[in-house]
Amino acid sequence: MSQHTVAVVEDEQSVRDLYTAWLADAYDVRTAGTLADARGVLDASVDVVLLDRRLPDGSGDDLLATIDDRRLDCRVAMVTGVEPDFDVVSLGFDDYLVKPVERERVVETVERLLDLRNYPAAVRAFYQTAAAKASLEAAKSPDALASDDRYAALCEEFENLRERVQATAATTDPVLVRALFRDLA
């Protein structure tokens, strides 16, 4: 079995089973169908969480807060039927996938998030900011984006982090730099 653990937090049993089938050959997969169950399966050994935003007993957003409170070093992809809104700016996920999601996208996302664990903190923060920015840009009109202060602040943070990442890249292993910019492309 893999040295990496993926937690699939999804209330729909059929979707949970599907993601598990896609990942079980390569990873140790834990599953949860509720917020309470998810809190029970999350510990320091979990590397990646695939997280639905709507759970029967709460929100995936609440689980993000639990991950933060416990200071767990896992990467999180929201995999949900909920179109992103401006609240995603403050959630702290690493990727946002809107269902339905194909197998290839799920597997690639897990692989990318596992790679992201090895990047410096500034790079991980840049990646999170880029994911929030991209999810909003895919879901909102240019007019809606232009009129929202949260999006403007996100863009400013994105540019600040980009500068920090570029400075980090100048002193980082060239293999890591190539991987980073491949992943962010």
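The values are calculated or read from the model by the stated rules, or taken from the named source; none is laboratory data. Predicted, not measured: the structure shown is a model, and the values here were computed from it. Reconstructed Cβ throughout: ideal geometry from the backbone, glycine too, with neighbour counts over all protein chains shown. Heads up: the accessible areas ignore ligands, DNA and RNA and are worked out on the full protein's heavy atoms, side chains in. Shrake-Rupley method; radii C 1.70, N 1.55, O 1.52, S 1.80 Å.
Worth a mention:
- Residue ID - surrounded by the fewest Cβ atoms within 10 Å (Cβ to Cβ), chosen from residues in region 38-53 that are over 15 Å from V79 (Cβ atoms) and either in contact with a Lys or Arg (Cβ under 7 Å, 6 or more places away or on another chain) or touching a residue at least 24 places away in the same chain (Cβ under 8 Å) (or both): A44
- Qualifying positions in region 126-144 - out of contact with any Pro (no Cβ under 8 Å at 6 or more places or on another chain), part of a helix (DSSP H, G or I) and surrounded by fewer than 18 Cβ atoms within 10 Å (Cβ to Cβ): A134, E137, P142, D143, A144
- Inter-residue pairs, beta-carbon under 8 Å, first more than 27 Å from N118 (Cβ to Cβ) and polar (S, T, N, Q) and in region 56-85, second part of a loop (DSSP other than H, G, I, E, B) and open to solvent by less than 70 Å² (accessible area, probe 1.4 Å), 6+ apart: S59/R53
- Single residue of region 67-98 satisfying the filter (in a loop (DSSP other than H, G, I, E, B) and in contact with a helix residue (DSSP H, G or I) (Cβ under 7 Å, 6 or more places away or on another chain)) that is most open to solvent (accessible area, probe 1.4 Å): E83
- Meets criteria (modelled with pLDDT under 90 and open to solvent by 60 Å² or more (accessible area, probe 1.4 Å)) for R103: no
- Of all residues in region 145-168, none satisfies the criterion of being among the aromatic types (F, W, Y) and open to solvent by 90 Å² or more (accessible area, probe 1.4 Å).
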